[in-house]
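Right, one structure below, let's go through it.
The values are calculated or read from the model by the stated rules, or taken from the named source; none is laboratory data. No experiment lies behind these values; they were computed from the predicted model shown. Glycine gets a Cβ as well: all are built from the backbone with ideal geometry, and neighbour counts include every protein chain shown.
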Amino acid sequence: MGKGYDTQTVTGQRLWLDVTERLDQAKVRSLGPATIAAAEQGARFGKPQVVTPRLGQGSFRLLVADAYERRCTMTGERTLPALEAAHIHRYSRGGDHSLSNGLLLRSDLHKLFDLGYLTIEPSTLKIRVSGKIRGLQEKAWPTVRGPVGELIAAS
C-alpha cells in the first residue's frame, strides 16, 4: 500500500487542496457512464471469466530467459519481473514454444512487438521501429543483445 496523509495535518490539507484544485482545472468534468454505473451498484469487479492457460508457457519463459541471460533482447534490461518471453511467431497462430521462436523483452517492448510497432528484420536481425511511434530516436537503440551475448546492430 502507498503512503497516506492525514487531512487533519498541514501537509495533508495542503495536498488535498492541491488535488482538488487540479481536479477543478482538469479537462474531464464528469465521470463516464461505466464509472457512474459501477459507483451506483457498488460493484468493484466484472463477471468471472474462464481463462484457458497455454500449456508450456512457464517452461518457455524459463528457456528464453536462460538463453538471453535474463536480459531484454533489445535493451539489456535485467529487472526480471519486467521481462517477458515473447513469441516471434504468435502461439495463437501456430507458433510454438521453441527457443528459436522466442525473444526476452521488457513488457512495454513486448506489447509494441506484438502490435507490430517493433519488428526484427529476419535477414539482418536489425530492429525496425514503426514510423507511427513518434519520439523514438536511434540513440535509444544503440545495440541489441542476442542469445549468448551476440550483439545485433539496431537500425
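Some observations on this one:
- Considered as a group, the residues in region 80-97 that are surrounded by 14 or more Cβ atoms within 10 Å (Cβ to Cβ) and not aliphatic (A, V, I, L, M) include one that is nearest to Pro53 (Cα to Cα), and that residue is Tyr91.
- Scope region 91-129; condition farther than 16 Å from Leu63 by Cα and either of a type in the set (Phe, Trp, Tyr) or free of Cβ contacts under 8 Å to residues at least 12 places away in the same chain (or both); matching residues: Ser92, Arg93, Gly94, Asp108, Lys111, Phe113, Leu115, Tyr117, Thr119, Pro122, Ser123
- Residue in region 122-145 that is modelled with the lowest pLDDT, counting only those that are assigned to a loop (DSSP other than H, G, I, E, B) and surrounded by 14 or more Cβ atoms within 10 Å (Cβ to Cβ): Trp141
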